[in-house]
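Student: Attaching a single structure in structure tokens format; questions to follow.
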Amino acid sequence: MKTLTALLTAACLGATAALAQSDSELLPESATGLTQKDPVFAKRFMISAANPYAAQAGFEILDAGGSATDALIASQFVLNLVEPQSAGVGGGGFMIHFDARRGETTTFDGRETSPAATPDDIFLPYADPFRFGDAAQGGKSTGVPSLVQMFEMAHDRTGGLKWGRLIEPALTLAEEGFVVSPRLARLIARDTERLQRHPSTAAYFFHEDGRPYAEGDVLRNPEFAETLREISERGADAFRDGPIVEAIVEAVTNDDADHRGYLSAQDFLDYQPLERPPVCGGYRTYTICGMGPPSSGGLTVIQILGLLEHFDLTSLGANSPEATHLFLEAMRLAFADREIYIADPDFGPTPGVGLIDGAYLTARAQLIDPRAALENVTPGNPPWRTPRPLAADITPKPPGTTHISVVDARGNIAAATNTVMAVFGNRVMAGGFILNNELTNFSFEPTRNGLPVANRIEPGKRPLSAMAPTLVFDADGAPVMVIGSPGGQAIIAYVALTIIGVLDWGLNIQEAIELPHAALFFGRLAVEKGTALEAAAPALEAMGHSVRISDLNSGLHGITISERGLTGGADPRREGVALGR
């Protein structure tokens, strides 16, 4: 592993591995326009990740002969340090993998679970959307951390290098320190009041005199270095029993009375990551594969694309009001199904692939008027064997997530979207890492209007997610694209639009990532501030849409694959870079 100095000079790498931009060029969080990046080209392998340190760690693993899974894991451990607001070992996530030799795609479910002692009315006092921030803070909102468990399962099945080798880049940075990026500095400053509520985050993110760590400061994390040593030696067993588990349980259950949580040591022993089959559906001549429930990402992305397949998006063109209208209508229809039907499949029947059934999507697409927005959008009646009356989940869920895409020299592909839920999770640390507030991804109301909510909280249950690590295959079954993003509920819109940009509008992956966003966020339609779509808002409103202008801060990281090689893209809205050789 290179030293800190070598990492900081990574931007000077030659044509075989190019960083897209330096920290000094990064956009502000409230950006009103996009700084364009150039796509990155490579012949052998590539990684696109949310921070230059993380991308460099994954690049070096790939250069040493590691697999796509190896590079992804090494990169994510580094992101735990340099992007603690988004993801880490205190949270969980989902991963999709393509085995080039076998031609097989599988997914790994590392979603957090609800502690066994969690009552179903835990968040009823916070059902008012304006009180979400109160519910998200502290131990009460914490599910069983599960990222390491998922990564160990994925590494056992698809890894190449030894597990301990994958920990080394993050361990070096934890000990030597890393330079605080502009985005991390902004978010610490913006969240000062909440971060200072708990002694662990107050001690880590602020100097002794109370000043928040600022851009350019060097931040060290010796406590996380000890955690990494434990993970290196014991693997996922470090999150089944021992000092890390004890520290998490103490932090969660010893919180103040209003925020005290329910995690126990037994919850860690009971947790199991799962390998699940992907959900796949057709789009024009392509096949789209993603994560199935408890993530809604795969089904809903495929559903949106399946609805739009009935329209000629190519002739309408990117950023046109007409194409954006169709996209919004397809999203509204898909989300109406998402909010009522999709939840942890181990806790009750759901329509599953019935939501992407071809005949069902054709019937739903006929509801879309190319000239006018639907006045009312209601859930459909997808084909499934055990229908039951359900109520919609309307709880808002802010984002705090990251995504990594990797293609290795053997053609294997790995992509993972990981999270601690809200920005800085529950604002509590243990073992040098942020803990998740994932339980707030459940519906705050277990029932509505006398009907159960599918995504209601239950002991041992995995909450609904929008995370959508996605693979695209051509008509011959060859992979042509890997993509994913953070962004809460808007992840689905970000990923679907990027796929459309490449497949329908002929854009390269970087151009598609930089497309202006339109999204359904907290049940409201939004278009991205300072982009071409903001100018299209009056035309959309004339079609009947109620539109707000907003900063839609995606973090798309993707790679396209062709006979000419690999093309990588990274979202200029965040700090991501693509590296390849």
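Student: Residue-wise, which Karplus ³J(HN,Hα) couplings in Hz belong to region 276-284, taking 6.51 cos²θ - 1.76 cosθ + 1.60, θ = phi - 60°, and x for glycine or proline?
Tutor: Ordered by residue, 3J(HN,Hα) equals 10, x, x, 9, 9, x, x, 9, 6 Hz.
Student: Another one. Return the label of the correct value of Cα extents along the principal axes in Å, as calculated from the structure shown, out of (i) 59, 58, 46; (ii) 94, 54, 47; (iii) 181, 145, 38.
Tutor: (i)
Student: If you average the C-alpha positions of region 197-213 and of region 108-155 separately, how far apart do those two centres end up, in angstrom?
Tutor: Spelled out, the Cα-based centre of one part sits 24 Å from the other.
Student: Charges on Cβ only, +1 for Lys and Arg, -1 for Asp and Glu, centred on the Cα centroid of region 39-148; of LEU124, LEU147, SER48, which one is farthest towards the dipole's positive end?
Tutor: SER48
Student: Long-range amide H contacts for GLU275: which residues qualify at under 5 Å (H placed 1.01 Å from N, peptide plane, sequence gap of 5 or more or a different chain)?
Tutor: ASP109
Student: Per residue, what accessible area does the chain have, given a 1.4 Å probe and all protein chains present, in Å²?
Tutor: Numbers: 19810 Å² over 581 residues.
On a per-residue basis, the chain sits at 34 Å².
Student: Can you compute the FRET efficiency between ARG548 and LYS162 using 1/(1 + (r/R0)^6), with r the Cβ-Cβ distance and R0 = 56 Å? Round to the nearest 0.05. Walk me through the intermediate numbers first.
Tutor: Numbers: r = 50 Å, r/R0 = 0.89.
According to the calculation, E is roughly 0.65.
Student: Residue separation times 0.36 nm, minus the C-alpha to C-alpha distance between ALA359 and GLU250: what's the value? Can you show the working numbers first?
Tutor: Numbers: separation 109, 0.36 × 109 = 39.24 nm, distance 5.20 nm.
Full-extension gain reported as 34.0 nm.
Student: Normalised by the number of residues in region 275-421, what is the relative contact order in percent for Cα pairs under 8 Å and 6+ residues apart? Intermediate values should be presented prior to the final figure.
Tutor: On the way: 188 pairs, mean separation 29.2, N = 147.
Worked out over region 275-421, it gives 20 percent.
Student: Let me ask something else about it. Can you work out the Karplus-derived ³J(HN,Hα) for every residue in region 483-490? Use 6.51 cos²θ - 1.76 cosθ + 1.60 with θ = phi - 60°, whole Hz, and x for glycine or proline.
Tutor: 8, x, 7, x, x, x, 4, 6
Student: So what is the relative contact order for region 237-330, in percent, with contacts set as C-alpha pairs under 8 Å and at least six apart?
Tutor: 16 percent
Student: Sorted by packing (mean other beta-carbon atoms within 10 Å per residue), highest first, where do 551-563, 42-54 land?
Tutor: On the way: 551-563: 22.7, 42-54: 27.5.
Answer by packing, highest mean first, reads 42-54, 551-563.
Student: Helix-derived [θ] at 222 nm for the chain: sum -39500 (n - 2.57) over DSSP H runs of at least 4, divide by residue count, nearest 500?
Tutor: Values: 19 runs with 187 residues, N = 581.
Calculated from helices alone, the mean residue ellipticity at 222 nm is -9500 deg cm²/dmol.
Student: ARG284 to THR386: extension gain in nm, 0.36 nm per residue of separation minus the Cα-Cα distance?
Tutor: 33.7 nm
Student: With a sphere of radius 15 Å drawn around the Cβ of ALA202, what net charge do the other residues whose Cβ falls strictly inside it have (Lys, Arg +1; Asp, Glu -1)?
Tutor: Details: positive: ARG194, ARG197, ARG211, ARG427; negative: ASP191, GLU193, GLU208, ASP209, GLU223, ASP255, ASP256.
Around ALA202, the surrounding residues sum to -3.
Student: With the full set of protein chains in place, find how many percent of the accessible area of the chain is carbon and sulfur; take the probe as 1.4 Å. Each step should come with its number before you reach the end.
Tutor: Details: 9890 of 19810 Å².
The value for the chain is 50 percent carbon and sulfur by accessible area.
Student: Also, quick follow-up: Can you give me the C-alpha center-to-center distance between region 159-195 and region 316-392, rounded to a whole angstrom?
Tutor: Cα centroid to Cα centroid, the span is 39 Å.
Student: Can I ask one more? Counting only C-alpha contacts under 8 Å and six or more residues apart, can you give the relative contact order of the chain as a whole percent? Numbers along the way, then the final one.
Tutor: Numbers: 1458 pairs, mean separation 147.3, N = 581.
Result for the chain is 25 percent.
Student: Then there is this: So what is log10(I(q)/I(0)) for region 440-581 at q = 0.14 1/Å, when the Debye sum runs over its Cα atoms only?
Tutor: With one equal scatterer per Cα and no solvent, log10 I(q)/I(0) is -0.78.
Student: Please list, ordered by chain and number, the residues whose modelled amide H lies under 5 Å from the amide H of HIS557; skip anything fewer than 5 residues away on the same chain.
Tutor: Those lying under 5 Å, H to H, from HIS557 are GLY484.
Student: Something else: Once you have the Cα-Cα distance between ASP209 and SER562, take 0.36 nm times their residue separation minus that, and quote the gain in nm to one decimal.
Tutor: Working: separation 353, 0.36 × 353 = 127.08 nm, distance 5.37 nm.
Answer, rounded to one decimal: 121.7 nm.
Student: Assuming R0 = 25 Å, can you tell me the calculated FRET efficiency for the pair ARG44 and ASP474, based on Cβ-Cβ distance, to the nearest 0.05?
Tutor: Details: r = 21 Å, r/R0 = 0.83.
The formula returns an efficiency of 0.75 here.
Student: Using the membrane-span-like helix rule (whole DSSP H runs, Cα extent along the own axis of at least 20 Å, mean Kyte-Doolittle hydropathy at least 0.5), which helices of the chain qualify?
Tutor: Numbers: long enough: 68-82 (21 Å, 1.37); 163-176 (21 Å, 0.06); 321-341 (30 Å, 0.04).
TM-like helix candidates: 68-82.
Student: Enumerate the amide H contacts of LEU552 below 5 Å, restricted to partners 5 or more residues apart or on another chain; note that Pro and chain-start residues carry no placed amide H.
Tutor: LYS529
The values are calculated or read from the model by the stated rules, or taken from the named source; none is laboratory data. Computed from a predicted model, the values in this text were never measured in an experiment. Glycine gets a Cβ as well: all are built from the backbone with ideal geometry, and neighbour counts include every protein chain shown. We work out accessible area using only protein heavy atoms, side chains counted, and drop any ligands, DNA or RNA first. Shrake-Rupley method; radii C 1.70, N 1.55, O 1.52, S 1.80 Å.
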